[in-house]
Amino acid sequence: MVRPYAVKGRKRKKREENYDREDEEQSAEDETESAPHEEKETEDAHELSGIPIQPYEPKSQTGAVFILEKASLEVAKVGKTYQLLNSDDHANFLKRNNRNPADYRPDIAHQAILAILDSPLNKAGKLRALYVKTEKGVLFEVKPHVRIPRTYKRFSGIMLQLLQKLSITAVGKREKLLRVMKNPVTQYLPIDSRKIGFSFSSVKLVDIQDYVAAVNDDVNFVFVVGAMAHGKIDNEYVDDFISISGYPLSAAGCISRICGGLERKWKIL
Ligand SMILES: C[S@@+](CC[C@H](N)C(=O)[O-])C[C@H]1O[C@@H](n2cnc3c(N)ncnc32)[C@H](O)[C@@H]1O
(Lines give C-alpha, C1' and ligand atoms only; values in the text may rest on other atoms or scores of the structure.)
Protein backbone atom coordinates (compact mmCIF):
# COMPACT_ATOMS: atom_id res chain seq x y z
CA MET A 1 0.00 0.00 0.00
CA VAL A 2 1.19 3.44 -0.82
CA ARG A 3 0.92 6.07 1.87
CA PRO A 4 -1.57 8.80 1.16
CA TYR A 5 -0.22 12.08 -0.14
CA ALA A 6 0.20 14.98 2.21
CA VAL A 7 -1.98 18.01 1.80
CA LYS A 8 0.04 21.15 1.23
CA GLY A 9 0.70 23.12 4.39
CA ARG A 10 -0.56 20.37 6.64
CA LYS A 11 1.61 19.86 9.69
CA ARG A 12 3.97 16.95 9.57
CA LYS A 13 2.71 14.52 12.12
CA LYS A 14 3.22 11.36 14.02
CA ARG A 15 6.42 9.79 15.10
CA GLU A 16 5.77 6.54 13.24
CA GLU A 17 5.80 8.28 9.87
CA ASN A 18 9.46 9.14 10.23
CA TYR A 19 11.87 6.39 9.40
CA ASP A 20 14.77 7.26 11.62
CA ARG A 21 15.76 9.52 14.47
CA GLU A 22 17.63 11.97 12.27
CA ASP A 23 14.45 12.48 10.29
CA GLU A 24 12.60 13.54 13.42
CA GLU A 25 15.24 16.13 14.18
CA GLN A 26 15.21 17.33 10.61
CA SER A 27 11.45 17.51 10.29
CA ALA A 28 11.31 20.22 12.95
CA GLU A 29 13.78 22.26 10.92
CA ASP A 30 11.79 21.71 7.75
CA GLU A 31 8.69 23.31 9.16
CA THR A 32 10.43 26.60 9.76
CA GLU A 33 12.84 26.62 6.83
CA SER A 34 11.86 28.62 3.77
CA ALA A 35 12.23 27.12 0.30
CA PRO A 36 15.64 27.86 -1.18
CA HIS A 37 14.09 28.76 -4.50
CA GLU A 38 10.65 28.69 -5.96
CA GLU A 39 9.89 26.94 -9.21
CA LYS A 40 7.16 28.51 -11.25
CA GLU A 41 5.78 25.32 -12.68
CA THR A 42 2.11 24.70 -12.24
CA GLU A 43 1.92 21.08 -13.27
CA ASP A 44 0.58 18.50 -10.90
CA ALA A 45 3.48 18.61 -8.48
CA HIS A 46 3.21 15.94 -5.93
CA GLU A 47 3.79 16.43 -2.24
CA LEU A 48 5.01 13.74 0.00
CA SER A 49 5.40 13.93 3.74
CA GLY A 50 8.33 12.09 5.22
CA ILE A 51 10.85 13.16 2.59
CA PRO A 52 12.72 15.69 4.63
CA ILE A 53 15.72 17.54 3.37
CA GLN A 54 19.04 16.88 5.01
CA PRO A 55 21.67 19.41 6.08
CA TYR A 56 23.70 20.12 3.04
CA GLU A 57 26.84 22.05 2.31
CA PRO A 58 26.70 24.15 -0.84
CA LYS A 59 28.23 22.73 -3.99
CA SER A 60 31.83 23.54 -4.58
CA GLN A 61 33.12 24.06 -8.09
CA THR A 62 33.90 20.56 -9.24
CA GLY A 63 32.17 17.44 -8.08
CA ALA A 64 30.63 14.16 -9.11
CA VAL A 65 27.50 13.16 -10.99
CA PHE A 66 26.14 9.63 -10.73
CA ILE A 67 23.97 7.99 -13.35
CA LEU A 68 22.30 4.70 -12.49
CA GLU A 69 21.50 2.91 -15.72
CA LYS A 70 18.90 0.24 -16.51
CA ALA A 71 17.23 0.46 -13.12
CA SER A 72 14.47 -2.08 -12.74
CA LEU A 73 11.66 0.30 -11.78
CA GLU A 74 8.50 -0.64 -13.60
CA VAL A 75 4.92 -0.03 -12.62
CA ALA A 76 2.07 -2.35 -13.63
CA LYS A 77 -1.53 -2.92 -12.68
CA VAL A 78 -1.58 -6.04 -10.56
CA GLY A 79 -5.16 -6.97 -9.73
CA LYS A 80 -6.86 -3.68 -8.99
CA THR A 81 -3.87 -1.57 -8.00
CA TYR A 82 -0.73 -0.21 -9.60
CA GLN A 83 2.44 -1.59 -8.08
CA LEU A 84 6.20 -1.42 -8.51
CA LEU A 85 7.11 -4.83 -9.88
CA ASN A 86 9.55 -6.92 -7.90
CA SER A 87 10.61 -10.55 -7.99
CA ASP A 88 9.44 -11.33 -4.44
CA ASP A 89 5.88 -10.09 -4.57
CA HIS A 90 5.07 -10.48 -8.26
CA ALA A 91 6.74 -13.72 -9.38
CA ASN A 92 3.49 -15.35 -10.47
CA PHE A 93 2.21 -12.20 -12.17
CA LEU A 94 5.50 -11.84 -14.05
CA LYS A 95 5.58 -15.49 -15.13
CA ARG A 96 1.99 -15.26 -16.34
CA ASN A 97 3.09 -12.30 -18.48
CA ASN A 98 6.12 -14.16 -19.86
CA ARG A 99 8.61 -12.06 -17.95
CA ASN A 100 11.58 -13.34 -15.99
CA PRO A 101 11.04 -12.52 -12.29
CA ALA A 102 14.82 -12.45 -11.78
CA ASP A 103 14.98 -9.26 -13.87
CA TYR A 104 12.66 -7.35 -11.53
CA ARG A 105 14.98 -6.04 -8.81
CA PRO A 106 14.06 -2.50 -7.72
CA ASP A 107 15.97 -3.16 -4.51
CA ILE A 108 19.23 -2.75 -6.49
CA ALA A 109 18.36 0.86 -7.39
CA HIS A 110 17.16 1.47 -3.82
CA GLN A 111 20.46 0.33 -2.28
CA ALA A 112 22.47 2.19 -4.92
CA ILE A 113 20.63 5.48 -4.32
CA LEU A 114 21.11 5.15 -0.56
CA ALA A 115 24.83 4.41 -1.02
CA ILE A 116 25.23 7.63 -3.03
CA LEU A 117 23.11 9.89 -0.81
CA ASP A 118 24.53 8.53 2.45
CA SER A 119 28.15 9.01 1.39
CA PRO A 120 30.38 11.60 3.08
CA LEU A 121 31.01 12.75 -0.51
CA ASN A 122 27.41 13.90 -0.72
CA LYS A 123 27.39 15.32 2.79
CA ALA A 124 30.41 17.42 1.85
CA GLY A 125 28.44 18.93 -1.04
CA LYS A 126 30.44 17.21 -3.77
CA LEU A 127 27.54 15.34 -5.36
CA ARG A 128 26.39 17.62 -8.16
CA ALA A 129 23.53 15.45 -9.39
CA LEU A 130 22.06 11.97 -9.35
CA TYR A 131 20.12 10.63 -12.34
CA VAL A 132 18.38 7.30 -12.64
CA LYS A 133 17.36 5.78 -15.94
CA THR A 134 14.96 2.87 -15.84
CA GLU A 135 15.14 -0.22 -17.99
CA LYS A 136 12.20 1.24 -19.95
CA GLY A 137 14.11 4.49 -20.60
CA VAL A 138 12.42 6.81 -18.08
CA LEU A 139 14.96 9.30 -16.77
CA PHE A 140 14.57 10.99 -13.39
CA GLU A 141 16.61 13.18 -11.12
CA VAL A 142 17.05 12.72 -7.37
CA LYS A 143 18.15 15.90 -5.59
CA PRO A 144 21.30 15.30 -3.53
CA HIS A 145 19.73 16.65 -0.32
CA VAL A 146 16.70 14.34 -0.34
CA ARG A 147 16.32 11.63 2.26
CA ILE A 148 15.12 8.57 0.45
CA PRO A 149 13.16 6.09 2.59
CA ARG A 150 15.29 3.34 4.02
CA THR A 151 12.67 0.62 3.96
CA TYR A 152 11.89 -1.01 0.65
CA LYS A 153 8.14 -0.71 1.16
CA ARG A 154 8.24 3.03 1.47
CA PHE A 155 10.79 3.36 -1.30
CA SER A 156 8.50 1.47 -3.65
CA GLY A 157 5.62 3.75 -2.66
CA ILE A 158 7.65 6.80 -3.63
CA MET A 159 8.83 5.30 -6.91
CA LEU A 160 5.25 4.41 -7.74
CA GLN A 161 4.15 7.99 -7.14
CA LEU A 162 7.06 9.43 -9.07
CA LEU A 163 6.51 7.24 -12.13
CA GLN A 164 2.80 8.02 -12.14
CA LYS A 165 2.84 11.73 -11.28
CA LEU A 166 6.27 12.60 -12.72
CA SER A 167 7.49 14.62 -9.74
CA ILE A 168 7.54 14.67 -5.96
CA THR A 169 7.71 17.90 -4.00
CA ALA A 170 8.62 18.47 -0.36
CA VAL A 171 5.75 19.30 1.95
CA GLY A 172 5.26 23.03 2.30
CA LYS A 173 7.78 23.77 -0.42
CA ARG A 174 7.78 23.95 -4.17
CA GLU A 175 11.13 22.41 -4.87
CA LYS A 176 10.87 19.16 -6.75
CA LEU A 177 12.89 16.59 -4.89
CA LEU A 178 12.45 13.92 -7.53
CA ARG A 179 11.33 14.60 -11.07
CA VAL A 180 11.11 12.83 -14.38
CA MET A 181 13.17 14.55 -17.06
CA LYS A 182 13.55 14.47 -20.80
CA ASN A 183 16.20 12.22 -22.31
CA PRO A 184 19.05 12.18 -23.09
CA VAL A 185 20.84 12.56 -19.79
CA THR A 186 23.93 13.91 -21.57
CA GLN A 187 22.27 17.34 -21.98
CA TYR A 188 22.40 17.85 -18.19
CA LEU A 189 26.04 16.88 -17.69
CA PRO A 190 28.77 19.44 -16.98
CA ILE A 191 30.74 20.20 -20.14
CA ASP A 192 34.11 19.76 -18.50
CA SER A 193 33.47 16.25 -17.24
CA ARG A 194 35.01 12.84 -17.53
CA LYS A 195 32.34 10.19 -18.06
CA ILE A 196 33.30 6.83 -16.68
CA GLY A 197 31.31 3.63 -17.17
CA PHE A 198 31.62 0.67 -14.82
CA SER A 199 31.42 -3.02 -15.54
CA PHE A 200 32.94 -6.16 -14.12
CA SER A 201 33.45 -7.31 -17.72
CA SER A 202 35.63 -4.37 -18.75
CA VAL A 203 39.17 -5.45 -19.65
CA LYS A 204 40.56 -2.30 -18.05
CA LEU A 205 40.97 -3.23 -14.39
CA VAL A 206 42.05 -0.26 -12.27
CA ASP A 207 42.46 0.77 -8.64
CA ILE A 208 39.71 3.39 -8.34
CA GLN A 209 41.70 5.46 -5.82
CA ASP A 210 44.66 5.79 -8.19
CA TYR A 211 42.34 6.35 -11.12
CA VAL A 212 40.46 9.32 -9.66
CA ALA A 213 43.61 10.74 -8.07
CA ALA A 214 45.18 11.03 -11.54
CA VAL A 215 42.36 13.22 -12.90
CA ASN A 216 42.89 17.01 -12.93
CA ASP A 217 41.21 18.97 -10.14
CA ASP A 218 39.24 21.15 -12.56
CA VAL A 219 37.42 18.19 -14.10
CA ASN A 220 34.00 16.93 -12.99
CA PHE A 221 33.38 13.21 -12.72
CA VAL A 222 30.37 11.44 -14.20
CA PHE A 223 30.03 7.86 -13.01
CA VAL A 224 27.74 5.48 -14.86
CA VAL A 225 26.83 2.39 -12.87
CA GLY A 226 24.31 -0.33 -13.70
CA ALA A 227 21.32 -0.82 -11.39
CA MET A 228 20.13 -4.05 -12.98
CA ALA A 229 20.56 -7.69 -12.01
CA HIS A 230 22.00 -8.93 -15.31
CA GLY A 231 23.69 -7.56 -18.39
CA LYS A 232 25.89 -4.51 -18.69
CA ILE A 233 25.48 -0.81 -19.28
CA ASP A 234 25.71 0.70 -22.77
CA ASN A 235 28.90 2.62 -23.25
CA GLU A 236 27.63 5.07 -25.87
CA TYR A 237 28.37 8.27 -24.00
CA VAL A 238 31.23 7.28 -21.71
CA ASP A 239 34.85 8.32 -22.24
CA ASP A 240 36.25 5.33 -20.43
CA PHE A 241 34.92 1.95 -19.37
CA ILE A 242 36.55 0.39 -16.34
CA SER A 243 36.45 -2.49 -13.91
CA ILE A 244 37.43 -1.71 -10.32
CA SER A 245 37.62 -5.18 -8.84
CA GLY A 246 38.54 -8.68 -9.91
CA TYR A 247 35.15 -9.69 -8.50
CA PRO A 248 31.60 -8.82 -9.51
CA LEU A 249 30.28 -6.21 -7.09
CA SER A 250 26.79 -5.11 -6.21
CA ALA A 251 25.89 -1.68 -7.56
CA ALA A 252 25.96 -0.32 -3.98
CA GLY A 253 29.36 -1.95 -3.35
CA CYS A 254 30.73 -0.46 -6.55
CA ILE A 255 29.41 2.99 -5.59
CA SER A 256 30.95 2.76 -2.11
CA ARG A 257 34.32 2.15 -3.71
CA ILE A 258 33.90 5.07 -6.09
CA CYS A 259 32.84 7.43 -3.28
CA GLY A 260 35.74 6.19 -1.13
CA GLY A 261 38.19 6.99 -3.93
CA LEU A 262 36.84 10.52 -4.32
CA GLU A 263 36.68 11.10 -0.58
CA ARG A 264 40.36 10.21 -0.39
CA LYS A 265 41.18 12.48 -3.37
CA TRP A 266 39.26 15.43 -1.94
CA LYS A 267 40.31 14.72 1.66
CA ILE A 268 36.77 14.22 2.92
CA LEU A 269 36.83 12.31 6.22
C1 LIG B 1 24.67 -5.92 -9.93
S2 LIG B 1 25.91 -5.33 -10.98
C3 LIG B 1 25.26 -5.75 -12.54
C4 LIG B 1 25.67 -7.12 -12.90
C5 LIG B 1 26.26 -7.26 -14.30
N6 LIG B 1 26.41 -8.66 -14.54
C7 LIG B 1 27.58 -6.53 -14.45
O8 LIG B 1 28.59 -6.95 -13.85
O9 LIG B 1 27.65 -5.51 -15.13
C10 LIG B 1 25.67 -3.63 -10.93
C11 LIG B 1 26.71 -2.73 -11.51
O12 LIG B 1 27.82 -2.62 -10.66
C13 LIG B 1 28.96 -2.30 -11.45
N14 LIG B 1 29.98 -3.31 -11.17
C15 LIG B 1 29.84 -4.51 -10.60
N16 LIG B 1 31.02 -5.13 -10.47
C17 LIG B 1 31.95 -4.29 -10.98
C18 LIG B 1 33.35 -4.35 -11.12
N19 LIG B 1 34.07 -5.38 -10.71
N20 LIG B 1 33.97 -3.27 -11.69
C21 LIG B 1 33.28 -2.19 -12.11
N22 LIG B 1 31.94 -2.10 -11.98
C23 LIG B 1 31.29 -3.13 -11.42
C24 LIG B 1 28.53 -2.29 -12.90
O25 LIG B 1 28.26 -0.96 -13.31
C26 LIG B 1 27.28 -3.12 -12.85
O27 LIG B 1 26.41 -2.79 -13.92
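Table for the structure above
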{"quantity": "Residue in the range 241-250 that is nearest to the ligand (Cβ to nearest atom), counting only those that are open to solvent by less than 30 Å² (accessible area, probe 1.4 Å) and aliphatic (A, V, I, L, M)", "calculated": "I244"}
{"quantity": "Among residues of the range 197-220, those that are more than 10 Å from the ligand (Cβ to nearest atom), crowded, with 16+ Cβ neighbours inside 10 Å and outside any helix (DSSP H, G or I), counted", "calculated": "1"}
{"quantity": "Condition broken by V238, with the remaining ones in (1) more than 11 Å from the ligand (Cβ to nearest atom); (2) modelled with pLDDT of 95 or more; (3) under 20 Å from the mean Cα position of the chain (by Cα) satisfied", "calculated": "(1)"}
{"quantity": "Selection count, the range 75-108, where residues are exposed (fewer than 15 other Cβ atoms within 10 Å of the Cβ) and of a type in the set (K, R)", "calculated": "4"}
{"quantity": "Candidate set from the range 182-196 (those that are open to solvent by less than 30 Å² (accessible area, probe 1.4 Å) and not small (G, A, S)); member that is nearest to the ligand (Cβ to nearest atom)", "calculated": "I196"}
{"quantity": "Subset of the range 125-134 (residues that are open to solvent by 20 Å² or more (accessible area, probe 1.4 Å) and in contact with a helix residue (DSSP H, G or I) (Cβ under 8 Å, 6 or more places away or on another chain))", "calculated": "K126, K133"}
{"quantity": "For Q111: the one exception among (1) more than 15 Å from A229 (Cβ to Cβ); (2) touching a residue at least 24 places away in the same chain (Cβ under 8 Å); (3) surrounded by fewer than 22 Cβ atoms within 10 Å (Cβ to Cβ)", "calculated": "(1)"}
{"quantity": "Which listed residue is in contact with a strand residue (DSSP E or B) (Cβ under 6 Å, 6 or more places away or on another chain) and more than 30 Å from V75 (Cβ to Cβ), from S193, S167", "calculated": "S193"}
{"quantity": "Some residue of the range 222-239 being part of a helix (DSSP H, G or I) and open to solvent by 30 Å² or more (accessible area, probe 1.4 Å)", "calculated": "no"}
{"quantity": "Odd one out for M159, checked against (1) surrounded by fewer than 18 Cβ atoms within 10 Å (Cβ to Cβ); (2) away from the ligand (no atom under 16 Å from the Cβ)", "calculated": "(1)"}
{"quantity": "Cross-chain or 6+ apart pairs with Cβ under 7 Å, the range 237-256 first and within 18 Å of Y131 (Cβ to Cβ), then surrounded by fewer than 16 Cβ atoms within 10 Å (Cβ to Cβ) and not small (G, A, S)", "calculated": "Y237/T186"}
{"quantity": "Filter pass, L177 being open to solvent by less than 30 Å² (accessible area, probe 1.4 Å) and either in contact with a helix residue (DSSP H, G or I) (Cβ under 8 Å, 6 or more places away or on another chain) or within 16 Å of the ligand (Cβ to nearest atom) (or both)", "calculated": "no"}
{"quantity": "Verdict on G253 being touching an Asp or Glu at 6+ places or on another chain (Cβ under 6 Å) and within 11 Å of the ligand (Cβ to nearest atom)", "calculated": "no"}
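The values are calculated or read from the model by the stated rules, or taken from the named source; none is laboratory data. Since this is a predicted model, take the numbers as computed values, not measurements. Note: ideal-geometry Cβ built from the backbone for every residue, glycine included; neighbour counts use all protein chains shown. Quick note on the areas: whole protein, heavy atoms, side chains included, nothing else; ligands and nucleic acids left out. Shrake-Rupley method; radii C 1.70, N 1.55, O 1.52, S 1.80 Å.
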